[in-house]
1. Condition test on L77, is it touching a residue at least 24 places away in the same chain (Cβ under 8 Å), over 30 Å from D279 (Cα atoms) and not in a loop (DSSP other than H, G, I, E, B)?
2. Only one of D71, D90 is of a type in the set (D, E, K, R), in the same structural domain as M273 (by TED's automatic domain parsing) and surrounded by 21 or more Cβ atoms within 10 Å (Cβ to Cβ); which?
3. Among residues belonging to the range 301-314 that are in contact with a strand residue (DSSP E or B) (Cβ under 8 Å, 6 or more places away or on another chain) and farther than 22 Å from Q336 by Cβ, point out the one that is surrounded by the fewest Cβ atoms within 10 Å (Cβ to Cβ).
4. Would you pick out the residues in the range 93-104 that are of a type outside the set (A, V, I, L, M) and surrounded by fewer than 16 Cβ atoms within 10 Å (Cβ to Cβ)?
5. Restricting to the range 155-165, what's the tally of residues that are within 16 Å of P221 (Cβ to Cβ) and either over 23 Å from the mean Cα position of the chain (by Cα) or not assigned by TED's automatic domain parsing to the domain that holds V218 (or both)?
6. Criterion first (surrounded by 14 or more Cβ atoms within 10 Å (Cβ to Cβ), modelled with pLDDT under 95 and touching a strand residue (DSSP E or B) at 6+ places or on another chain (Cβ under 6 Å)) does V145 satisfy it?
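The values are calculated or read from the model by the stated rules, or taken from the named source; none is laboratory data. Since the structure is predicted, the reported quantities are computational estimates derived from the model, not experimental observations. When we count neighbours, we look across all protein chains shown, and the Cβ atoms used for this are built from the backbone with ideal geometry, even at glycine.
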Amino acid sequence: MPPSKPLRRRHWIVRGALVAIFLVVACGFGASQVSTGDYSVTPGGAEPVAPLITIDGKQGTNNSGHILLTDVYLTPLSWLTYLPAWFNSDAEIVSGDALVTPGVSVNDLDIQGYLQMAQSKTNAQAAAFQRLGYPVTSTNDGALVEAVGTSTPASGRISVADIVVGVNGQATTTACAVIAVTRNLLPGTTASFLIKKASISDNGTITNGSPVAVNVTVGKPPTATQPSPCPGVSGAAKGFLGIALQDDIHYVFPFSVNISTPNIGGPSAGLAMTLGIIDQLSNGTLIHHRTIGATGTMSPSGAVGDVGGVPQKAVAVSNAGATMFLVPGTEKKAAQSTAASSLQIVAVDTLNQALKILMAGGGTITMANGSIER
């Protein structure tokens with residue numbers, strides 16, 4: 001019979017190896033669960049916008065070209081995933097705090113993104129219809145909550161995407177109306193809000209319910225407060241709530257429009273969606289057999305604004321085979337830094353500039369009166 005001592009030695013070697021493997025796995029699992037507070041921005045998809053747009057029940061089709069809506073992937077980084085992201089040449093690492101308004105929790109990042117997408121869709125419709133000469137009317141329906149500060153009086157009571165329609169028994173149809181009522185409230189007093197609370201679906205669709213009463217105890221203003229931008233409202237605020245507001249504008253459009261963007265947030269698809277609506281109302285003649293990408297915010301008046309992740313979007317648009325990429329004016333160099341040599345980067349600051357460029361390439365648009373612009 002062989003001696004037992006070597007067997008015991010082998011037994012301890014195997015056991016030590018198993019313990020080492022367990023420790024490595026445990027450490028890796030632990031590292032994967034600990035957030036760094038940073039995010040990686042990587043190239044997302046670039047898909048035709050036409051099939052996403054339905055106007056009066058008619059879904060768009062890619063008749064003579066493609067307008068590509070492009071996005072990025074925003075991924076929270078753990079200590080385990082940070083290093084691979086750092087070595088990824090297509091990735092940009094950003095702090096979570098840089099993605100939200102100062103003083104706002106990164107936990108509100110998703111809801112703020114979905115709210116921005118909803119507003120972007122509305123702005124795209126307003127810009128497109130007005131550019132084509134269709135009648136568009138609007139009314140102010142309340143004050144939309146765009147941010148809530150952490151550890152502020154409103155935190156936990158009022159949420160992003162809520163709509164304030166009254167304060168202390170007074171109707172408030174604008175953000176300035178809310179500010180006028182609340183600015184002189186003293187710390188320790190109660191502000192009684194009438195709010196259409198927001199709810200969000202699994203795919204990022206926001207809906208607001210019927211008005212409900214919400215009471216908030218007014219706090220003491222921070223040492224550094226900004227002057228009010230509202231006409232007729234001056235002097236330092238006596239109380240503090242911790243919310244940022246903008247007007248909630250309700251538009252009446254000539255046609256019903258639905259733009260399907262499940263689980264996509266942010267405002268950067270505004271230009272692409274506006275061009276897509278105009279193309280569909282022009283019977284698919286805007287692009288003239290080309291494939292182009294577009295990114296940029298869109299205002300109701302047709303102004304194109306800056307967006308994030310342009311270098312990563314240029315990669316996605318290049319991979320999709322586009323020949324032109326329309327970007328906000330200040331971000332041309334950022335797009336050129338990663339774009340394929342076959343992709344022409346064109347800077348635009350307005351919707352009219354974008355349309356002029358596309359029409360110079362053979363595209364046309366159909367106005368509300370039936371006339372054709374070339």
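1. Against the criterion (touching a residue at least 24 places away in the same chain (Cβ under 8 Å), over 30 Å from D279 (Cα atoms) and not in a loop (DSSP other than H, G, I, E, B)), L77 qualifies.
2. Exactly one residue qualifies, and that residue is D71.
3. Among them, the one singled out is A303.
4. Listed by number, the residues that qualify are S95, D97, T101, P102, G103.
5. Counting residues in the range 155-165 that are within 16 Å of P221 (Cβ to Cβ) and either over 23 Å from the mean Cα position of the chain (by Cα) or not assigned by TED's automatic domain parsing to the domain that holds V218 (or both) gives 0.
6. So V145 does not fit the description; no.
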